[in-house]
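Quick notes on the structure that follows.
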Amino acid sequence: MLKSGKEYLEGLRDGRRVYLGNELVEDITTHEAFRNAANSFSLIYDMKAAPEHRDVMSYEHNGNQYSSYFLMPKTDQDLKKRMETHRRIAEWSHGLLGRSPDHVASFVTGLAMKPEMFEEIGKGYGSNIIKYYEHMRDNDIFACYTVLPPQGARKPELYEREGMTVPTLRVSDEDDSGVTLNGMKMLGTSAIFSNETWVGNLLPLGANQEKESITCAVPLNETGVSIWSRKSLEKYAVTEFDNPLSWRFDESDAMVVFENVKVPWEKVFVHDNPEMSRGIYVKSPSHSMGNHQSNIRFLEKLKLIVGIAHKIVEANGVGHIPAVQGILGELAAQQAALEAMIKGQLNEPESLVDGYININRRYMYAALHWCTTNYSRICDVIRDLMGGGPFQMPADISVIENSEMKNTFEKYWSVPGQSAIDRMKLYKLAWDLIGSEFAGRHLQYERFYAGPSFVVTNYSYLNAPWDTFGGLVDDILDSY
Ligand SMILES: Cc1cc2nc3c(=O)[nH]c(=O)nc-3n(C[C@H](O)[C@H](O)[C@H](O)COP(=O)(O)OP(=O)(O)OC[C@H]3O[C@@H](n4cnc5c(N)ncnc54)[C@H](O)[C@@H]3O)c2cc1C
C-alpha cells in the first residue's frame, strides 16, 4: 500500500529513543534538528502517490498498489520503471538524500528474489525473507541499514576479553522465541527517519565471528534500541537562505545501540554463518539493485553540481573565456558519461535468478567506482571556479534587515544584471553544496557509503571476465 506523507510522519512518533548530545529528542518531526529533513522524506511519500507520478512510481499486484522499488523485475519495462522511480526520488532531493526509502527497500527486494538461498542457510529463513519483504512492501516501510561493526571493535580479542562490554553487535542469547542482541552498529544514515533498521554485515567477517553474523530486521522503537545522532547540520543552518541544503536535506547519520533487544525468529535471516552474512548480498541481485539506486542518485546530484558551476562562472563574468568553457565542457562530459553508464546497465541486463531480470552488474560497479573516485575531484573543480566568491558575502542575510546596510550592500555587491541579494543567494547555495559542513559530510558519504575504496574497486575485480581478457592474449600468443 502507498503511505501518505502524513502517515509517514505519524509513524515517526513511535516512542523511539533518539539522542542528540545529552538530549532525548521527544518528537523528531517537530524538533529543530530534524523536522525539515523529516518533512523532505514525507514529501517523497506524497509525491510518489500523486496522480502524475503514480503510474511510474507504483505498480499493481493482487489489486493493491505498491511502490515501484518493491517491484521484482521480470522485463525490460520493469527495469525502466524501477530506474525512473529512483530518478524521480533523487531529483526531488537533488541526490542529497542518499538513503531515501528506495535504497534499502531495493536491497531487500533483491534478497527476496532468492528465498532458496536463505532456506539453505537455515530452515524457515526462506519464508522469513519473503514475509519481511511483503511486510515492507505492504506497509511502505522505510528501512535504513546498519551493516558494519563500529571502528575499533573489529578484532576478536577486543570483544572476547572477559568482563568487557561488547562493543560490536552480536547475539548474546537465544531461545524458542528468538535471539537477544547486544552491542552497537555503525552507521545508520537516515536511521532517525526510518521505521526499521536492517542489521547485518556488508563487509566480510572472520570465520569465528558466528555471533556477529546475525542478520535481522529491528523496528527502531523496539525496547532496548537507542539511536545516537551525530551533530545535526539542520539545527545549525543559519536560515533557509543562508544554508538552503543543510536546512532541509540533512538525512543524518547515527550509531544504533542494542541493549538486550529481542528479535523474533521470523525476523532473522542469517545466524551463526559468517560467510553468508555478507554472501547474501552478492549472491543475489540485492547488492546490484541497491547500488543501482546509488548510481542514479549520484547522477541527479552531479546535474546540480554542473548547474552550479555554470551559474557561478556566469556570475563571476568569466563564462566567455575559452579555458573556463573547457572546464565546463569537461564537467558536462563527465555527467554524460555517468548517465551513459547507468543507461547501459539496462541495455545489457543479465539474469541472476531464474525468471527475473537484473541490471548489468559490471556496469553498475564501474559507475559505483567512478562516483566514489571522482566526487572529491569534481568538488575541487567547483571550488576552483568559485574562487573567493563565497567569502565576499556578508555573514548572513540579516544584513538586509537594516535599510541603510541593505542599500550599501546593493550598491557595492551587485553587478549589471544581478542584484546583490541574488548573487548572495547563489553563493550561499553553492557553498552549502561544496564547502559547508553539510558539504564536508557529503564528501565523506560519497567516499564511504558503499565501503572503503579498496572494497569498491574489488567488486570490479571480482566481476571482470578475466578468462575472456586472458583469451585475447592467448589467441595472439598461439598465432605464431
Ligand atoms: C557519511 C557516512 C554514511 C554512512 N552510512 C552508512 C549506513 O547507512 N549504513 C552502514 O552500515 N554504514 C554506513 N557507513 C559506514 C561505511 O560503510 C564505512 O564508513 C565504510 O565501510 C568504511 O569503514 P570504516 O568507516 O570503518 O573505515 P575503516 O575500515 O576503518 O577504514 C578507514 C581507512 O583505513 C584504510 N584501511 C582499512 N582497512 C584497510 C585494508 N584492509 N586495506 C587497505 N586500507 C585499509 C583505508 O584507507 C580506509 O579508507 C557510512 C559512512 C559514512 C562516512
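For segment 190-214, a tally of residues being crowded, with 22+ Cβ neighbours inside 10 Å, within 12 Å of the ligand (Cβ to nearest atom) and closer than 21 Å to residue 101 by Cβ returns 9. Of the residues making up segment 458-480, just one is closer than 23 Å to residue 187 by Cβ and out of contact with any helix residue (DSSP H, G or I) (no Cβ under 6 Å at 6 or more places or on another chain), namely 458.
If you go through segment 434-452, how many residues are hydrophobic (A, V, I, L, M, F, W, C), crowded, with 17+ Cβ neighbours inside 10 Å and within 11 Å of the chain's Cα centre (by Cα)?
Within segment 434-452, the first condition is being hydrophobic (A, V, I, L, M, F, W, C), and the residues that meet it are 434, 438-439, 443, 448, 450.
With crowded, with 17+ Cβ neighbours inside 10 Å added as a condition, the list becomes 434, 438-439, 450.
Still in the running and within 11 Å of the chain's Cα centre (by Cα): 450.
Residues flagged as hydrophobic (A, V, I, L, M, F, W, C), crowded, with 17+ Cβ neighbours inside 10 Å and within 11 Å of the chain's Cα centre (by Cα) within segment 434-452 amount to 1.
Checking 318, 306 one by one, the residue that is among the aliphatic types (A, V, I, L, M), assigned to a loop (DSSP other than H, G, I, E, B) and at negative phi is 318 and no other. If you go through segment 400-441 and pick out every residue that is over 24 Å from residue 232 (Cβ atoms) and aliphatic (A, V, I, L, M), you end up with 7. Residue 180 meets all of the listed conditions (1) within 30 Å of residue 458 (Cβ to Cβ); (2) modelled with pLDDT of 95 or more; (3) in contact with a Ser or Thr (Cβ under 9 Å, 6 or more places away or on another chain) but one, namely (1).
Yes/no matrix, rows are residues, columns are (1) of a type outside the set (A, V, I, L, M, F, W, C); (2) under 11 Å from residue 275 (Cα atoms):
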{"position": "186", "(1), (2)": "no, no"}
{"position": "192", "(1), (2)": "no, no"}
{"position": "195", "(1), (2)": "yes, no"}
{"position": "199", "(1), (2)": "no, no"}
{"position": "204", "(1), (2)": "yes, yes"}
{"position": "208", "(1), (2)": "yes, yes"}
{"position": "217", "(1), (2)": "no, no"}
{"position": "222", "(1), (2)": "yes, no"}
{"position": "225", "(1), (2)": "no, no"}
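Among the residues making up segment 59-108, those that are under 20 Å from residue 303 (Cβ atoms) and among the polar types (S, T, N, Q) are 85, 93, 100. I'm told residue 171 meets every condition in (1) outside any helix (DSSP H, G or I); (2) modelled with pLDDT of 95 or more; (3) out of contact with any strand residue (DSSP E or B) (no Cβ under 8 Å at 6 or more places or on another chain); (4) surrounded by fewer than 24 Cβ atoms within 10 Å (Cβ to Cβ) except one. Can you identify the failing condition by its number? Condition not satisfied by residue 171: (3). Taking segment 131-168 as the range and being modelled with pLDDT of 80 or more, exposed (fewer than 14 other Cβ atoms within 10 Å of the Cβ) and within 14 Å of the ligand (Cβ to nearest atom) as the test, only 151 passes. None of 325, 334 is crowded, with 16+ Cβ neighbours inside 10 Å and of a type in the set (S, T, N, Q) except 334.
The condition (being over 18 Å from residue 2 (Cα atoms), of a type in the set (A, V, I, L, M, F, W, C) and surrounded by fewer than 24 Cβ atoms within 10 Å (Cβ to Cβ)) is satisfied by just one residue among 79, 97, 71: 79. Of the residues in segment 239-253, not one is of a type outside the set (D, E, K, R), part of a strand (DSSP E or B) and crowded, with 23+ Cβ neighbours inside 10 Å. When segment 436-480 is filtered for residues that are of a type outside the set (A, V, I, L, M, F, W, C), in a loop (DSSP other than H, G, I, E, B) and more than 16 Å from the ligand (Cβ to nearest atom), the ones remaining, listed by number, are 465, 479, 480.
If residue 99 passes every condition in (1) touching a strand residue (DSSP E or B) at 6+ places or on another chain (Cβ under 6 Å); (2) of a type outside the set (Gly, Ala, Ser); (3) more than 22 Å from residue 359 (Cα to Cα) but one, which one does it miss? Unmet for residue 99, out of (1) touching a strand residue (DSSP E or B) at 6+ places or on another chain (Cβ under 6 Å); (2) of a type outside the set (Gly, Ala, Ser); (3) more than 22 Å from residue 359 (Cα to Cα): (3).
The values are calculated or read from the model by the stated rules, or taken from the named source; none is laboratory data. Small disclaimer: the values here were computed from a predicted structure and weren't measured. Note: ideal-geometry Cβ built from the backbone for every residue, glycine included; neighbour counts use all protein chains shown.
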